[in-house]
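Structure in structure tokens, see below.
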Amino acid sequence: MPEYKLVYFNAKGRAELTRWILAYGGTAYTDERVELENWPERKKTIMTGKVPMLEIDGKQLPQSLAIARYVAKKAGLVPEDALRAAYCDALVDTVSDLITEGHKAKTSGKSEEDGKKAVREEFIPNHAEPVMERLNKHLGEKEWYTSGKITWADLSIASYFGEETNGFSSKLLDKYPALKAHIQKVRNLPKIKEWLAKRPVTSM
Ligand SMILES: N[C@@H](CCC(=O)N[C@@H](CS)C(=O)NCC(=O)O)C(=O)O
């Protein structure tokens, strides 16, 4: 088994999906969370100057989705069938687009309050809810997102839409009952539940 070190900030952001997949697979790894004041120095040691970065036996793998896909394959969470795998990729890319848009909204304006307002009034209704509506319909008809068995797409859905820190309250999710039930189902998987109970509490 290779030695893994996942490097990111003390936040969920673009690293949390990989953390969920590693938890699901019961994979041991070092969860390095760089403090902001140490980032300028740590950045110099990272090939792309960006995180997340996964160190595999000392070799660096950049890009959150390449990392997540790699660990998902190892954990048996990527379908063998090329088309089903592509549908999973499409979903994960959609969530990644939402992460980008949500971050843009959160950091828009002059104050934290401006950012929260932009998330609530612009990002959620215009960007997130159209995706949530489609997912709700799809998940109402399926046990898992694709392939009749759990994939990393299911972990992507739950690890993103299930987080209040991303702007998704339980009240908002009440509008999308199949999506809400799906998130709960994934969060209740024993290894995921264990991760949720022990992970550091972060504001984003
Ligand atoms: N497409 C890249 C984006 C990486 C990225 O922009 N990471 C941010 C944190 S989410 C970062 O490293 N920011 C610090 C910096 O650029 O110095 C990925 O998905 O990994």
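Read-outs throughout are calculated quantities, based only on the coordinates presented, and are distinct from any laboratory measurement. Since the structure is predicted, the reported quantities are computational estimates derived from the model, not experimental observations. Glycine gets a Cβ as well: all are built from the backbone with ideal geometry, and neighbour counts include every protein chain shown.
Ranking Ile183, Ile46 by Cβ neighbours within 10 Å, fewest first, what do you get?
Least to most surrounded, the residues fall as Ile46, Ile183.
Here is a further query. Quick one: net charge of Glu122's neighbours, Cβ under 13 Å, K/R +1, D/E -1?
+1
Assign one of three labels to region 58-109, namely rounded, prolate or oblate, based on the Cα gyration tensor with a ≥ b ≥ c the square roots of its eigenvalues; rounded applies when a/c is under 1.5, prolate when it is not and a/b is larger than b/c, and oblate otherwise.
Verdict is oblate for region 58-109.
In which sequence would Ser147, Ser64 go, from the one with the fewest C-beta neighbours within 10 Å to the one with the most?
The fewest-first ordering by Cβ neighbours comes to Ser147, Ser64.
Please list log₁₀ I(q)/I(0) at q = 0.26 Å⁻¹ for region 72-147, using the Debye equation with identical point scatterers on the alpha-carbon positions.
Scattering profile of region 72-147, log10 relative to I(0): -1.14.
List the longest stretch of the chain that has no exposed loop site; here a site is one of the trypsin sites (Lys or Arg not before Pro) assigned by DSSP to anything other than H, G, I, E or B, with at most 10 other Cβ within 10 Å.
111-204
Then there is this: Roughly what would the spin-label model give for Lys73 and Thr202, points 7 Å off Cα along C-beta, in nm?
Using points 7 Å along Cα→Cβ, the separation is 2.5 nm.
In whole Hz and in residue order, list the ³J(HN,Hα) couplings for region 163-173 that follow from phi through the Karplus curve 6.51 cos²θ - 1.76 cosθ + 1.60, θ = phi - 60°; x for Gly and Pro.
With the stated coefficients, region 163-173 comes to 9, 4, 5, 8, x, 9, 7, 4, 5, 5, 5 Hz.
Continuing with the same structure: Karplus couplings for region 83-90 from phi (6.51 cos²θ - 1.76 cosθ + 1.60, θ = phi - 60°), rounded to Hz, Gly and Pro as x?
Rounded to whole hertz, the list is 6, 4, 4, 5, 5, 5, 4, 4.
Follow-up. How high is the relative contact order of region 117-204, in percent, counting Cα pairs under 8 Å that sit 6 or more residues apart?
It comes to 28 percent, rounded to a whole number.
How much net charge surrounds Tyr87 when only the other residues with a Cβ under 11 Å from the Cβ of Tyr87 are counted, with Lys and Arg +1 and Asp and Glu -1?
-2
So how much slack lies between Glu41 and Arg120, counting 0.36 nm per residue of separation and subtracting their Cα-Cα distance, in nm?
Gain on extension, Glu41 to Arg120, equals 24.9 nm.
Counting DSSP beta bridges in the chain, what percent are antiparallel, to the nearest 5?
If we restrict to bridges inside the chain, about 60 percent are antiparallel.
Over the chain, what is the relative contact order in percent, taking alpha-carbon pairs closer than 8 angstrom and at least six residues apart?
With pairs under 8 Å counted, the relative contact order is 22 percent.
Given 25 °C and 0.890 mPa s, how large is the Stokes-Einstein diffusion coefficient of region 19-94 in µm²/s, with Rh as the Kirkwood radius over Cα pairs?
So the translational diffusion coefficient is about 176 µm²/s.
Right, another one. For a footprinting-style exposure proxy, rank Thr27, Thr165 by other Cβ within 10 Å, fewest first.
Starting with the residue having the fewest Cβ neighbours, the order is Thr165, Thr27.
Any idea what diffusion coefficient the chain gets from Stokes-Einstein, in µm²/s, Kirkwood Rh on alpha carbon pairs, 4 °C, 1.567 mPa s?
73
Moving to a separate point now. Past 23 Å, Cα to Cα: identify those pairs from Lys104/Lys175; Lys117/Lys175; Lys116/Lys185; Lys74/Lys149; Lys74/Lys137; Lys73/Lys191, in the order given.
From Lys104/Lys175; Lys117/Lys175; Lys116/Lys185; Lys74/Lys149; Lys74/Lys137; Lys73/Lys191, over 23 Å: Lys104/Lys175; Lys116/Lys185; Lys74/Lys137.
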